Amino acid sequence: MGQPRLQVTQLQSPLAGPFSLTLAAGECLTISGPSGAGKSLLLRMLCDLDPNTGEALLNGVPRAAIAAPAWRAAVVYQPAEATWWLPTAAEHFKPGQMQRVMELLPQLNLSPSLLENEIGRLSTGERQRMALIRSLACAPQVLLLDEPTAALDPDSVAAVEALLKKELAAGLALILVTHSAAQARTLGHRGMTMRDRTLTESAP
Amino acid sequence: MSGIAAPIQPGAVDLAVASSLVVLNAAISAWLGLRMQRQMLWSALRMVVQLLLVGLVLRWVFALASPAATIAVALLMIAAAAREVATRPAHGLRGWAGVWLSTASVGLSSIATVLLALLTVLHPTPWYEPQYAIPLIGIVLGNVLNSASIGLDTFYGGAVNARGAIEAQLVLGATRNEALAPLIRDSVRKGLIPIINQMSAAGIITLPGIMTGQILAGMDPMDAVRYQILLMFLLAGGSGISVTLAVYLAARSITDERHRLRLERLRQR
């Protein structure tokens with residue numbers, strides 16, 4: 001066992017915490033719990049989007065030693081409803097990411113032609129899968145997913161789960177917030193439950 | 001006098017006759033049930049009292065001709081404009097940050113443009129001659145205030161509305177400058193529109209106020225026009241500096257060193 005990929009100790013904000021957890025490379029931690037329990041707050045603190053105190057280490061390097069944009073490019077958070085800020089999906093990718101995007105699209109049953117469509121013309125499910133591609137195109141070391149399959153049909157759910165399994169095998173560390181017990185069993189190596197802004201170990 | 005008649009000075013009776021138009025407005029408001037008659041009369045009364053006081057103060061400051069008095073009046077005007085910029089937009093920074101931001105943007109832009117005009121273009125003797133310095137800073141402040149408050153209104157409102165889009169870029173590793181760039185551009189652009197409109201409409205759609213005033217006061221139209229052109233350039237410069245400064249300072253103020261969006265630093269009015 002080497003260095004953990006992500007290690008946080010006593011992570012706390014005025015709204016939630018303290019949270020402590022460790023995540024190894026290739027490991028998937030699933031988090032379940034009722035809406036409003038603080039799951040999204042935890043993910044926002046992990047990617048340093050909300051002010052928080054406590055210690056966070058990425059591959060043993062303290063967060064304070066890593067510039068915030070670099071931290072967030074390595075610890076990527078994908079909210080339950082991804083926002084798009086440009087007219088088409090294609091415009092959200094950097095030129096260097098396009099090769100990877102083209103590899104990922106068929107794995108999620110998406111046609112490359114969707115890249116050039118107006119975002120508003122994509123279906124909710126297409127947008128949700130496109131958001132996962134947008135997150136993976138950053139080549140994150142840790143991915144924080146908030147209900148990535150909530151709006152998907154069973155085939156698409158299976159495609160997303162297959163892709164995530166492949167990414168995990170390639171070394172991605174994943175924290176997955178999901179309401180689906182089946183998905184937690186399929187992907188999770190460990191499970192935790194969030195209740196009243198407190199995190200406890202549970203079965204995946 | 002080359003065909004220009006001596007200026008006609010309106011007297012108290014003339015002003016009273018003209019004020020009947022405000023009374024007419026109030027009557028229309030009452031008739032249509034607009035409930036603006038009180039506001040109309042009150043603001044007209046305020047205007048009269050404010051302008052009479054300013055006239056007295058200016059007469060006194062002009063007579064003093066001391067740099068200290070001129071600077072004191074200029075600072076007072078800047079403080080009033082800064083207060084307006086801090087309170088006018090629908091959102092503002094909590095605490096002293098908002099006051100500091102508006103004072104810096106309004107103060108620096110107006111002082112820089114007026115000093116430039118006094119020292120390199122008009123050069124009155126002495127350079128702080130209040131008859132030039134004070135009207136100049138007054139008209140520059142009026143424009144600078146407008147640009148800065150439009151820019152800030154657009155920026156703060158945009159940041160609140162586009163929170164999701166800004167954070168979506170931040171979570172993918174964008175810096176705060178990258179994530180806010182479109183909003184910053186849009187806000188500065190909006191703040192510059194009034195002065196661009198003013199310049200392009202000048203002379204065709206409107207006769208600018210200063211020029212009109214000078215012509216009414218007996219100045220040759222071409223001299224008045226030259227003054228107006230100079231002023232327009234000053235106003236354009238002042239507007240540009242103030243809105244840019246205000247929006248960039250605002251962008252710093254609602255983000256932190258960890259490139260997070262800190263909208264809790266804003267309060268809604």
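A few points about this structure:
- Placing a label point 7 Å from the Cα of B:Ile204 along the Cα-to-Cβ direction, the residues of region B:227-248 whose backbone N falls under 20 Å from that point are B:228-233, B:236.
- Mean projected area in nm² (Cα convex hull; one quarter of hull surface) for region A:116-201: 6.7
- Low-density loop positions, trypsin sites (Lys or Arg not before Pro), region B:26-60 - DSSP coil, at most 11 other Cβ in 10 Å: B:Arg35
- Of the residues B:Thr154, B:Thr255, B:Thr244, the one that moves most in a GNM of chain B with alpha-carbon contacts below 10 Å is B:Thr255.
- When every Cα-Cα distance of chain B is counted in 5 angstrom steps from zero, the calculated P(r) takes the values 1, 5, 10, 12, 13, 15, 14, 11, 8, 5, 3, 1, 1, 0, 0 percent.
- Binned Cα-Cα distance frequencies in region A:6-65 - 10 Å width, integer %: 21, 56, 21, 1
- Karplus 3J(HN,Hα) series, Hz, for region A:161-177 with 6.51 cos²θ - 1.76 cosθ + 1.60 (x for Gly, Pro): 5, 5, 5, 5, 4, 5, 5, 4, 4, 7, x, 5, 9, 10, 10, 10, 8
- Full extension of the chain between B:Ala80 and B:Leu263 gives 63.2 nm of extra length, using 0.36 nm per residue less the Cα-Cα distance.
- Dipole size of the protein assembly as shown about its Cα centre, with +1 on Lys/Arg Cβ and -1 on Asp/Glu Cβ: approximately 660 debye, rounded to the nearest 20.
- Simple label model, 7 Å out from Cα along Cβ direction - B:Phe233 to B:Thr212, nm: 2.5
- Between 0 and 90°, nearest 10: helix B:176-201 axis offset from chain B longest Cα axis: 20
- Each Cα pair under 8 Å and six or more residues apart adds its separation to the average, and for chain A the resulting relative contact order is 32 percent.
- Estimated FRET transfer efficiency (A:His189, B:Leu108; beta-carbon r; R0 51 Å; 0.05): 0.35
- Charge dipole (chain A, unit charges on Cβ, about Cα centre) - positive-most of A:Leu122, A:Ala37, A:Phe93: A:Ala37
- Proxy reagent accessibility, fewest Cβ within 10 Å first, across B:Leu122, B:Leu245: B:Leu122, B:Leu245
- Converting the Cα gyration tensor eigenvalues of region B:123-202 into ellipsoid dimensions via √(5λ) gives semi-axes, longest first, of 37, 14, 10 Å.
- Just checking the listed ones, B:Gly95, B:Gly11, B:Gly191: in the Gaussian network model of chain B with Cα springs under 10 Å, the one fluctuating most is B:Gly11.
- Total charge dipole magnitude, chain B, about the Cα centre, Cβ charges on Lys, Arg, Asp, Glu only, Debye to nearest 20: 920
- Modelled FRET efficiency - R0 51 Å, B:Leu115 with B:Arg35, Cβ distances, 0.05 increments: 0.65
- Per-residue mean of foreign Cβ neighbours for B:169-182 is 5 (Cβ atoms of other chains, 10 Å radius).
- Positive-end ranking of B:Val13, B:Ile28, B:Val61 along the dipole of chain B, with charges on Cβ about the Cα centre, is headed by B:Ile28.
- The long axis of helix A:124-136 is offset from the longest Cα principal axis of chain A by roughly 60 degrees.
- Cβ-based exposure ranking for A:Glu116, B:Glu84, in which fewest neighbours within 10 Å come first: A:Glu116, B:Glu84
- Seen against the Cα atoms of chain B and their longest principal axis, helix B:67-87 is set at about 50 degrees.
- By definition, a body whose alpha carbon gyration tensor gives a ≥ b ≥ c is oblate when a/c is 1.5 or more and a/b is not larger than b/c, and region B:1-155 fits this oblate description.
- Under-5 Å amide H pairs with B:Thr255, H placed in peptide plane, nonlocal only: B:Arg262
- In nm, spacing of pseudo-spin labels at B:Leu122 and B:Asn161 (7 Å Cα→C-beta vector): 3.9
- Distance between region B:21-69 and region A:34-88 - C-alpha centres, whole angstrom: 55
- Dimensions of region A:11-105 based on its C-alpha atoms, expressed as ranges along the principal axes with the largest first, amount to 39, 32, 25 Å.
- Our estimate of slack between B:Ala68 and B:Ile193, defined as 0.36 nm per intervening residue step minus the Cα-Cα distance, is 41.4 nm.
- Taking a ≥ b ≥ c as the square roots of the Cα gyration tensor eigenvalues, chain A comes out prolate, since a/c reaches at least 1.5 and a/b is larger than b/c.
- Expressed in Å, the radius of gyration and Dmax of the Cα atoms of the protein assembly as shown are 30.7, 98.
- Cβ-derived FRET efficiency at R0 60 Å, B:Arg252 paired with B:Val13, nearest 0.05: 0.60
- Taking only the C-alpha atoms of region B:36-121, the Rg (one decimal) and the largest Cα-Cα distance, Dmax (whole number), read 16.3, 47 Å.
- Amide H contacts under 5 Å for A:Ala89: A:Asn117, A:Ile119, restricted to partners 5 or more places along the chain or on a different chain, H placed in the peptide plane at 1.01 Å from N.
- Residue order, fewest to most surrounding Cβ atoms within 10 angstrom, among B:Leu183, B:Leu58, A:Leu41: B:Leu58, A:Leu41, B:Leu183
- Comparing A:Gln128, A:Gln78, A:Gln12 in a Gaussian network model of chain A (Cα springs below 10 Å), the most mobile by mean-square fluctuation is A:Gln12.
Bear in mind these aren't lab numbers, they're just calculated from the coordinates by the rules spelled out. All values derive from a computational prediction rather than experimental measurement. Cβ coordinates were reconstructed from backbone atoms using ideal geometry, including for glycine residues, and neighbour counts include every protein chain displayed.
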